[in-house]
């Protein structure tokens, strides 16, 4: 039977949460005001405490991008990935992607982030498909509105179902690699859930459900190659 392997990015393919690092990058390069930075940090904190839902968090974090040119964001995300993020790509995920590809499986990233970072991650992994959240663009500029459904929580299942249906694949024949309790719906939707270095809540859930837990190394194939990272230019937004 045909099968697919879906990989989360933050905390799974990458050893870090890229969203927090992105805010720091924007602030250091004068691309985000201190007020916007503090507003986003506060929204993220209240979200982590369960006082804010994902839709409201996305609304707050997307405001700063309103009216900005898509091409400018694509350019600085390319530089950000090459200089700061590529070094956090997990070597064990590179290996797993290759194993699935060798087995004839379709391989896709399935992430709540956007293509402006994740196309570069996919290029370094040799992954053709990126299923992710999207932001509305009109006349080459962001409106500040996300497009539904967000690729988060249950929304990841929607994106994966569409991908699988278009290829005649059943989710029960698929794999999903994720690290967060927010990946619970997607892990439950596939026949081969793989829990990667989980957060405490997901670790308990995995134990209760009998899901396989993988403790992967934080080593990166590019960690010692800063010059290559700068020159790579891999992927397109």
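Between (1) 1, 7, 14, 16, 17, 14, 11, 8, 6, 3, 2, 1, 0, 0; (2) 1, 6, 12, 14, 13, 12, 11, 11, 10, 7, 4, 1, 0; (3) 1, 6, 13, 18, 20, 17, 13, 7, 2, 0, 0, which entry matches P(r) over Cα pairs in 5 Å bins from 0, in percent as derived from the coordinates of this structure?
(3)
Percent relative contact order of segment 1-94, based on C-alpha pairs within less than 8 angstrom and at least six residues apart?
Relative contact order comes out at 38 percent.
Once every DSSP H run of n ≥ 4 in the chain is given -39500 (n - 2.57) and the sum is divided by its residues, what mean residue ellipticity at 222 nm do you get, rounded to the nearest 500 deg cm²/dmol?
-13000 deg cm²/dmol
Expected output is a single nm value to one decimal: the length gained when fully extending between residue 139 and residue 201, i.e. 0.36 nm times separation in residues minus the C-alpha distance. What is it?
Extending this stretch completely gives an extra 18.1 nm.
Once both labels are modelled 7 Å past Cα along the beta-carbon direction, what's the residue 223-residue 63 spacing in nm?
Here the modelled spin labels are 3.9 nm apart.
A short reminder: the numbers here are calculations on the coordinates, not readings from a lab. Since the structure is predicted, the reported quantities are computational estimates derived from the model, not experimental observations. Don't worry about glycine lacking a Cβ; one is built from the backbone with ideal geometry, like all the others, and counts go over all protein chains shown.
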